[in-house]
Each structure stands twice: as structure tokens, then as C-alpha cells.
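The values are calculated or read from the model by the stated rules, or taken from the named source; none is laboratory data. Since we're looking at a predicted model, the values are computed, not measured. We place every Cβ from the backbone using ideal geometry, glycine too, and count neighbours over all the protein chains shown. Accessible surface areas use protein heavy atoms only, side chains included; no ligands, DNA or RNA. Shrake-Rupley method; radii C 1.70, N 1.55, O 1.52, S 1.80 Å.
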Amino acid sequence: DVTTNTNTTTTNEKDEKQQKIIGLEKLFFWKKKKKTTEEEKMKQQILELATTKKTATDDNNEKDNNSDSDSNSFVLSVPDAVSCPVLLTYDLFLELSSALPWSLQHRTWERCFCIARDGDSIQHMLRLCQSYHQTLLVVQTTKGEVFGAFCTGKWQPFCTRSQNNKTYYGNGQSFLFSCKNSNKDVTLYRWSGKNHYCQLCQVEQNRIAMGGEGDFGLILEDNFSRGRTGYCATYSNPPLVQENDGHFQIAALEIYGPRPFNLLF
């Protein structure tokens, strides 16, 4: 009987040991399987993340390419465009922007003066434009013709140091332009290099002008009510309007400038 009990005990111990071994093997198997599953899941997440990143990169590249095709990154800010419609449309600005100095093509431009909104006083125009060192001037006549100028000097009366004479200022980056076919056909008249009569502001005579020698390339006078355009040596331009010997009546006038850096933040 003792022998039988001893054999039974030994058998039970072997069975328990065997069960423990099987249990450990199962535990190892499931842990390994779980680890494998987690690794596969992680690999899948990494793959999905890489795919998403590639798609986003492709989208950004496509946007960059589209942006490059537009060849500009300027912003035209006109918050009151609904109450006071603009002459300088996005399409027209797109045409003109490529002719601007590179440093100005990537700036935010805003309307700093408009006679429909601000009145026709030249003194008031000078106050509103005093923070803008370069401006785009856009004119529309009573017959619907649109033209203007890029001005490289701040609008202000300019005097020589030796005399109290009003004189020209600005530089050769300035230009005149005219528009046809609903502003889609834009012609630029760049500085010819023949003289330095780029920009003129005569408050006493109540007029501003661009270009000289021969005639003014563009002059606006009498509280921005009328103007004249003709050939000038500065820009070698023809008259910007073809009728009435270059004389015209002003229906609308706007001046735009790159937002000053102290107003960007």
C-alpha cells in the first residue's frame, strides 16, 4: 500500500509538473503572439503614417508648383471693397506685380487713398500716404479708360537743398502702365534712362505728375478732377489715352502701398 501511494504521489507530481510546463509554453506562445501582433500593428501604423506624410508632401508640392506658376505671393488687402469698389483688381495686380521690385512682390498691399472714400484734397492724400515709400497709382477716366503708375518715392513736396524749388524725385524702378480689354491687356512703359524726371508733387499748383521732357507722362490736377498724358522722354510712352490730345476727366483715383512693417503685427 505504501508503495502504491508513493507511485501515485510521484505520478501526480509528474502530472502537475507537466501541466506547469504546458502552461508556461502556452503563456510564452501567447506572449510571443501578442508581441508579434503588436509589432505588426506598429509596422502598419508606421506605414500608414509614411503614406499620409507622402500624400501631404505631394499636396504641398502641388500647391507650391501652382504658387510658382502664379509667380507671386503678394496679398491684396482691401477690407472696404464692398462699400467702395476697387480699380486695382486682383487680375490687374497680378499683371503689374511681376514688374515690381522683388522685395515688394511678397508684401501685403493695401489701399491707402481713394477719392470716392477719402475726398479729393491733395493735402489729405499726402497725409494718408505718408507711411508708404512706394505706391501704385490707378486712374479711371469718365470714359472708362484705366491707367496709372508705379511710384518709387513717398508722395510729398520735394525741394532742393540749395533752393526752395520744387523738383522731381523717385528712381528708375518706376513705370507707367495702361490697360485695355477689361484690364487683361496691360502695357508697361519703363524708365528709359534719358532723364530723372520720375515723380513730381506740387502742392501750391495742386498737382502731381510722373515723367517729363516733351510733356508729362501723366499729370493729375485741380483736386484730382482732370489730367493729361503725353509722350515724355522719361518713359518713352505714347499718350495713355488716345482722345482729346491726352486730356481726360477723372472718374476714380486710387493709391495702393505695401503695408508698413510697423503695422504688420
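Considering only residues that are touching a Leu at 6+ places or on another chain (Cβ under 7 Å) and either outside any strand (DSSP E or B) or open to solvent by 70 Å² or more (accessible area, probe 1.4 Å) (or both), look in segment 172-211 and name the one that is nearest to Ala252 (Cα to Cα).
Asn183
How many of the residues in segment 92-149 are of a type in the set (Ser, Thr, Tyr), under 20 Å from the mean Cα position of the chain (by Cα) and open to solvent by 10 Å² or more (accessible area, probe 1.4 Å)?
Final tally of qualifying residues: 5.
Would you pick out the residues in segment 215-265 that are part of a loop (DSSP other than H, G, I, E, B), touching a strand residue (DSSP E or B) at 6+ places or on another chain (Cβ under 8 Å), of a type in the set (Gly, Ala, Ser) and crowded, with 16+ Cβ neighbours inside 10 Å?
Across segment 215-265, the qualifying residues are Gly217, Ser236.
What single numbered condition from (1) farther than 20 Å from Gln202 by Cβ; (2) part of a helix (DSSP H, G or I) fails to hold for Leu136?
Failing condition for Leu136: (2).
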